[in-house]
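The values are calculated or read from the model by the stated rules, or taken from the named source; none is laboratory data. Computed from a predicted structure; not experimentally measured. As a convention, Cβ positions derive from the backbone with ideal geometry for all residues, glycine included, and neighbour counts pool all protein chains shown.
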Amino acid sequence: MSKKIIFTNGLIDLAQPRLGSKVIFKTDDFFASANRIIDPLPPIFKDGLFDKNGKWMDGWESRRKRISGHDYLIIKLGKPGSISKVDIDTSHFNGNQPAMVSLEGCYSKLNDFKNYKWKTLINKKKTKANSHHIFNSSSKTVFTHIKLNIFPDGGVARLKLYGNISKENNNFKNKKINLASLLNGASVIACNNEHFGKAENILAPGKAKNMGDGWETRRRRDKGFDWLILNSIKGKKIDKIEISTHHFKGNYPSHCSLQAAYIPNKKSSSNIVKSSNKWKFLLKKVNLSANKTHKFSNKLMKNNKINYIKINIFPDGGISRFKIFGQSI
């Protein structure tokens, strides 16, 4: 099995609907609904499928523009945040992709987008058919709204806005919370495998919809075990831990364990991974069962502060959700 480590650097897609993000305006989506552009699943192509307006496409597609101007849509982020990397994906749009795209953002509490003051995040860029267009940003600006411009018209399958949720307005200091909640700003920084399901899924709110809504690794054919490392909300007085294997019935891990650490100064993801084998155990190796929420009490690190957690699963398999409750600091 490949030893390659997947580094996410703690970035999450701020446009995903489970954070509360939604499309609030579009100039036109005659051929394909603008709402599809933030669908978390990869875009698909359905050969020969047509609806009343034409070819069905999995993404946002406007009609051919016969007047001046260009099409655009506005996304309201469920959680304000800064954006470090953008993926504008034109998968399956071939001959109907925009000629160019650009991206703008703003921070506003107003409901009338006509009064928003937009800041350029990505200048006008040429686009290709059926391609991922990856752009990096060094801006630390926190945005509440994002505007995707397409010139002059056409289709985009998906828009991914990878960044970090702003912690500026968090009001849960000294409160007992789920320190591993995606909604609170927790994120996965690295894992060794996520062949069937993204590691980030285990931090999502609510119960998993299906196996695809959890973290699942490939079947291991060698020695070793699978793992992920998450950057939790800084906390202490950890008491309750929940590990759910809902929907994983013949492919749940046999065992799991948890390690944790408090790293006050920022370190690179690779250095954090290297040091993780020496972290203290938060939960020693325990048995897991199929399709069940397992509840544990913390007895090993009651008085320790933590902000990183390593989940080890033996030897492989899938878990759907992970929660750990403690006092935020």
- Item | Residue in segment 217-228 that is touching a strand residue (DSSP E or B) at 6+ places or on another chain (Cβ under 6 Å), of a type in the set (S, T, Y) and within 18 Å of A15 (Cβ to Cβ) present | no
- Query: Consider K65 against the criteria (1) under 30 Å from L228 (Cβ atoms); (2) in contact with an Asp or Glu (Cβ under 6 Å, 6 or more places away or on another chain): it satisfies all of them except one. Which criterion is unmet?
  - Reply: (1)
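So which of D226, D213 is in the same structural domain as N287 (by TED's automatic domain parsing), in contact with a Cys (Cβ under 9 Å, 6 or more places away or on another chain) and either modelled with pLDDT of 95 or more or among the hydroxyl-bearing types (S, T, Y) (or both)? So that I can check it myself, show each step before the final result.
Working: D213 fails: in contact with a Cys (Cβ under 9 Å, 6 or more places away or on another chain).
Being in the same structural domain as N287 (by TED's automatic domain parsing), in contact with a Cys (Cβ under 9 Å, 6 or more places away or on another chain) and either modelled with pLDDT of 95 or more or among the hydroxyl-bearing types (S, T, Y) (or both) holds for just one of D226, D213, which is D226.
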- Task: Could you check, for segment 140-152, whether at least one of its residues is in the same structural domain as D39 (by TED's automatic domain parsing), modelled with pLDDT under 95 and out of contact with any Leu (no Cβ under 6 Å at 6 or more places or on another chain)?
- Result: yes
- Task: Can you give me the number of residues within segment 212-261 that are touching a Gly at 6+ places or on another chain (Cβ under 6 Å) and on the phi > 0 side of the Ramachandran plot?
- Result: 1
- Residues of segment 137-164 being closer than 25 Å to F93 by Cβ and of a type in the set (A, V, I, L, M), in sequence order, are I146, L148, I150, V156, A157, L159, L161
- Message: Pull out all pairs, ordered by first then second residue, where Cβ-Cβ is under 8 Å, the residues are six or more apart or on different chains, the first lies in segment 180-198 and is farther than 16 Å from N9 by Cβ, and the second is part of a loop (DSSP other than H, G, I, E, B) and of a type in the set (A, V, I, L, M).
- Response: A180/A186; N193/M1
- Query: Taking segment 226-274 as the search range and keeping residues that are closer than 15 Å to V286 by Cβ and surrounded by fewer than 18 Cβ atoms within 10 Å (Cβ to Cβ), which one is nearest to the chain's Cα centre (by Cα)?
  - Reply: E242
- For A157, state whether it is closer than 28 Å to S187 by Cα and touching a Phe, Trp or Tyr at 6+ places or on another chain (Cβ under 9 Å). yes
- Task: Filter segment 197-224 for residues that are in a loop (DSSP other than H, G, I, E, B), farther than 13 Å from I313 by Cβ and not acidic (D, E) and give the result.
- Result: K198, A204, P205, G206, K207, A208, K209, N210, R221, K223
- Enumeration of residues in segment 138-158 that are outside any loop (DSSP other than H, G, I, E, B) and either surrounded by fewer than 23 Cβ atoms within 10 Å (Cβ to Cβ) or among the basic types (K, R) (or both): T144, H145, K147, N149, F151, R158
- For residues that are modelled with pLDDT of 95 or more and in a loop (DSSP other than H, G, I, E, B), tally how many sit in segment 159-196. 9
